[in-house]
Amino acid sequence: MACQPATRPAAPPALAPRFFALLRAGDSVYAQKQGYQSFAQAQRYYDSAQTLARRSQDTLLLAEAAFAQGRIYDAWNRQPHKTVAYFEQAATLFARLPAQWRRYYYARFLVAHAYDKVPDSLHAVRTLRQLRAELLREPTTRLRQVPSTVEMALTATEVRNYPLADSLLRQLTRRSWVRNDPQTYDYLDHYYLVQARLAVLHRRQSASPFLDSLRRVYRVGRNPFDREYYGQNLATLYARAGRYPEAYAYLARTKRLSDSLTNGPGAAQMRQALLRAESRAGQERQAADLIRSRTLLGLSLALAIISLLSFYLARQRRLASERAVALAQANQDLDEKVAQVELLNKEIQHRVKNNLHMVFSLLQMQERRTENAEVLEQLQAARLRVESIAALHNQLLAGRPDGPLDLSAFLKELISAVVNCLANEQHVVTHLLTEDVQLPPNGYVALSLILNEWVTNSIKYARPVGERLELTVRVRNQPGLVRIDYADNGLPPTTTAAAPEPGLGSQIIGLLSRQLGATLRTLPAHPYHYELLIPHGAEN
């Protein structure tokens with residue numbers, strides 16, 4: 001559901017009244033929400049306002065312009081990372097203006113709301129908890145003026161953190177404070193939705209008065225987007241409550257409404273409006289960079305460069321005819337050599353794949369023949385290491401020859417192979433968060449073997465808090481290096497249940513880390529939580 005505009009602050013006399021007039025015009029069109037046409041038309045006003053904000057370089061104008069762009073991308077719901085970036089920028093700018101504390105809290109909430117659409121539940125929950133801590137320090141008189149606390153609880157239910165949603169309602173708001181605001185959010189309607197979700201999904205109740213309130217909200221929906229949103233929620237809640245006829249009826253209505261919105265002409269208008277806005281913003285930035293790059297060298301430096309260039313071109317023209325024949329022959333020879341190298345590379349890759357598969361099969365056959373538990377464990381470990389290398393090889397062959405490795409897909413395949421081999425009846429859940437990173441040329445082999453050893457140790461030795469073992473792998477860029485964090489939810493060893501002595505796996509991890517020139521850290525209180533820092537430009 002697209003976010004609504006919050007009440008605009010009055011424009012100070014010295015801060016471009018035309019800017020806020022454009023924002024108010026865009027808000028009025030946006031609030032109609034009669035399809036994507038409304039958002040595309042609102043974008044035209046916001047685009048003009050953003051141009052004025054860049055020219056003025058006023059903090060308030062820049063904050064409001066970033067906020068408006070975030071709302072447009074939130075309504076478009078196709079590029080959630082841009083939504084996060086615009087709302088983060090708006091919150092940072094509002095934080096510099098003490099008088100805009102309401103706008104700051106609202107923008108901070110929308111950051112969590114945008115993370116939910118990425119989807120990135122970890123950052124969404126972390127942002128909500130940080131915001132709750134800030135609001136709890138506010139006096140009640142100010143807290144009552146922050147209606148977005150209901151929206152915070154709604155976002156918590158979107159990421160299925162129902163205890164957090166319940167605590168947000170209890171700690172930050174009261175039912176008597178909540179009112180619908182035609183100019184912003186339907187806070188009371190969302191309050192009913194949060195309570196209905198808590199009743200059905202959290203407390204497992206099949207009936208709730210909040211469900212009836214939600215049905216009334218659906219019937220009086222002001223626009224197709226609201227009716228689609230509440231219809232989807234009613235279908236889900238009735239299905240979870242076991243009331244399938246009602247769930248099916250709402251699902252059918254919502255499907256027809258969603259098709260009419262998605263397939264209408266407004267979606268194309270919305271896409272074109274965003275493309276025009278981004279193009280115009282890029283052109284303005286280029287123009288500003290060009291103006292800043294001018295220096296006092298002037299015409300004399302330009303003439304000197306032209307004279308040197310003319311001399312160089314004349315000399316190159318004389319040499320060009322002499323080199324043409326030799327260059328043509330050299331190109332033909334190079335083409336033949338490239339073709340030979342490509343053929344040889346294909347043959348090598350084919351043989352590598354066959355050899356890896358043969359080693360894997362031999363180890364698997366040996367596992368079936370042995371009855372010695374210790375030998376079986378060593379054979380499984382060896383087979384998993386070979387399978388890690390084979391999985392990397394398959395990913396590299398599957399991708400484009402000149403394209404980067406799909407690291408996320410590779411890590412998923414690698415972890416799944418280890419879990420399927422070792423987990424048996426154990427329930428294992430993997431949380432994998434990867435950014436667009438580039439490892440050293442041979443770093444992927446080392447990383448696959450290191451991760452294989454980490455996952456193996458977690459499955460064998462971790463004592464999870466609950467019934468399921470949770471593995472968390474995060475790969476991200478930092479200045480000058482790639483950081484890889486690994487953790488499981490196992491309890492740290494106690495004096496009575498110490499971690500096993502380091503074996504071959506630990507030696508492999510240490511050796512591969514040194515080959516990468518990486519720094520390997522282990523948390524002092526937990527032997528299976530690791531931090532691997534691989535510097536950029538490191539060679540295997």
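Read the figures in this text as sums done on the coordinates, not as results from a lab. All of these numbers come straight from a predicted model, not from anything done at the bench. Cβ coordinates were reconstructed from backbone atoms using ideal geometry, including for glycine residues, and neighbour counts include every protein chain displayed.
If you take the alpha carbon radius of gyration of region 37-110 and divide it by 2.2 N^0.38 Å, what ratio comes out, to two decimals?
Numbers: Rg = 11.9 Å, N = 74, 2.2 N^0.38 = 11.3 Å.
Here the Cα radius of gyration is 1.06 times the empirical estimate.
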Please turn the phi angles of region 67-72 into ³J(HN,Hα) values with the Karplus equation 6.51 cos²θ - 1.76 cosθ + 1.60 (θ = phi - 60°), one per residue in order, whole Hz, x for glycine and proline.
4, 4, 5, x, 5, 5
Compute the semi-axes of the equivalent ellipsoid of region 179-258, taking the square root of 5 times each eigenvalue of the Cα gyration tensor, and list them largest first in whole Å.
20, 17, 8
Would you pull out the residues with amide H under 5 Å of Leu481's amide H, same chain only if 5 or more places away, H placed 1.01 Å from N?
His536
Using a Förster distance of 51 angstrom, determine the FRET efficiency expected from the C-beta separation of Leu511 and Ala330, and round it to 0.05.
0.70
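Do you know the relative contact order of region 179-258, to the nearest whole percent, from alpha carbon pairs under 8 angstrom that are 6+ apart?
On the way: 79 pairs, mean separation 18.8, N = 80.
RCO, region 179-258: 24 percent.
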Can you tell me the dipole magnitude for region 179-258 around its Cα centre, using point charges on the Cβ only (Lys, Arg +1; Asp, Glu -1), in Debye to the nearest 20?
260 debye
Could you calculate the contour length gain from Ser258 to Arg240, that is, 0.36 nm times the residue separation minus the distance between their Cα atoms, to one decimal place in nm?
4.3 nm
In nm, give the distance between the simple-model label positions of Trp101 and Arg368, each being 7 Å from the Cα along the Cα-to-Cβ direction.
7.2 nm
Round to the nearest 0.05 the FRET efficiency obtained for Arg318 and Asn477 when R0 = 51 Å and r is the Cβ-Cβ distance.
0.55
Sorting Phe410, Phe87 on the 10 Å Cβ count, fewest up front, what's the list?
Phe410, Phe87
Taking the Cβ of each residue in Tyr248, Tyr104, Tyr230 as the centre, tally the other Cβ atoms inside 10 Å and list the residues starting with the fewest.
Tyr248, Tyr104, Tyr230
In sequence order, what are the phi-derived ³J(HN,Hα) couplings for region 135-150 according to the Karplus relation 6.51 cos²θ - 1.76 cosθ + 1.60 with θ = phi - 60°, rounded to whole Hz, with x for glycine and proline?
5, 5, 7, 7, x, 4, 4, 7, 4, 5, 8, 10, x, 6, 4, 5
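What's the exposure ranking of Lys33, Lys412, going from fewest to most Cβ atoms within 10 Å?
Least to most surrounded, the residues fall as Lys412, Lys33.
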Cβ-Cβ FRET estimate between Ser56 and Leu376, R0 fixed at 51 Å, reported to 0.05
0.10
The answer for Glu470, listing residues at least 5 apart or on another chain whose modeled amide H is closer than 5 Å to its amide H, is Val429, Asn489
Just to be sure I understand the model, the point goes 7 Å from the Cα along the line to the Cβ. What's the resulting Arg174 to Lys337 distance in nm?
8.3 nm
